[in-house]
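Let me begin by presenting the structure, written as structure tokens, before commenting on it.
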DNA sequence: GCGACAG
DNA sequence: ATCTTGTCGC
């Protein structure tokens with residue numbers, strides 16, 4: 001990619017690093033509304049489109065109490081390490097359409113588990129002003145450090161430590177299924193992020209239902225658009 | 001040329 | 001992310 005662009009994007013991310021707080025800025029009793037965020041992409045008439053879907057679940061009942069979506073033209077390419085610049089504009093537009101105010105957002109991707117601690121979950125927190133969590137399906141290698149595979153037991157995990165700093169966690173959310181990668185977005189600690197994730201993991205997916213429902217919603221929107 | 005590469 | 005059938009296993 002363009003070197004000047006990369007320097008510019010790195011500067012944006014580096015300037016935000018000092019604002020990250022990896023401790024809870026809330027008490028667990030305050031967490032009532034949890035949002036799952038995801039996007040889907042497609043091409044129509046040589047134009048790239050994306051839809052962001054957000055599903056807001058009640059922590060206790062796990063019922064969807066609010067949802068919103070935003071569809072638009074994709075303006076930014078996918079560049080590994082800079083996912084937020086591509087997806088965040090869609091997320092913010094969708095959030096505007098929510099009636100509720102989620103207490104925490106869960107993203108499909110990383111947060112602190114990023115070479116500059118600036119995965120989409122962390123970068124999003126500064127726009128949203130709310131705690132965020134990153135839940136990724138695959139590992140984005142940092143400084144050539146691999147992760148250790150956790151044992152095959154539900155809830156088993158291994159922290160991903162690079163130069164004595166914990167970046168994130170590989171979590172076995174379900175038995176006999178590939179693990180997922182949990183990291184703090186902002187204003188939340190890793191244990192709480194892990195517990196929150198496990199709380200929403202059910203039998204049909206290794207991903208928390210927050211993210212899972214958002215994923216299903218994006219696919220429905222995509223089909224709706226492609227069938228017309 | 002080859003391997004890496006969140007989504 | 002997306003393109004895509006069958007197939008192995010519970």
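Derivation of every value follows stated rules applied to the coordinates shown; laboratory data play no part. Here the structure is a predicted model, which means the values were calculated and not measured. With ideal geometry, Cβ positions are generated from the backbone for all residues, glycine too; neighbour counts draw on all protein chains shown.
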If R0 = 30 Å, then residue A:228 and residue A:99, at their Cβ-Cβ distance, give a FRET efficiency to the nearest 0.05 of 0.65
Between residue A:152 and residue A:63, Cβ-based FRET efficiency (R0 45 Å, step 0.05) works out to 0.90
Summing -39500 (n - 2.57) over every DSSP H run of at least 4 in chain A, dividing by its residue total and rounding to the nearest 500, the 222 nm mean residue ellipticity is -9000 deg cm²/dmol
Taking every DSSP bridge whose two residues both lie in the stretch A:1-147, the antiparallel percent to the nearest 5 is 75 percent
Length-normalised contact order of chain A, Cα under 8 Å, at least 6 apart, in percent, tallies to 21 percent
Mean Cβ-within-10 Å packing, highest first, puts peptides A:170-182, A:204-216, A:11-23 in the order A:204-216, A:170-182, A:11-23
Computed from the beta carbon distance with a Förster radius of 30 Å, FRET efficiency for residue A:191 and residue A:126 to the nearest 0.05 stands at 0.85
Heads up, chain A by the C-alpha gyration tensor (a ≥ b ≥ c square roots of eigenvalues; a/c under 1.5 rounded, else a/b over b/c prolate, else oblate) looks rounded
Here the gain from full extension of residue A:198 to residue A:29, 0.36 nm per residue of separation minus their alpha-carbon distance, amounts to 59.2 nm
Quick calc: nm separation of the 7 Å Cα→Cβ label points for residue A:79 and residue A:42 -> 2.9 nm
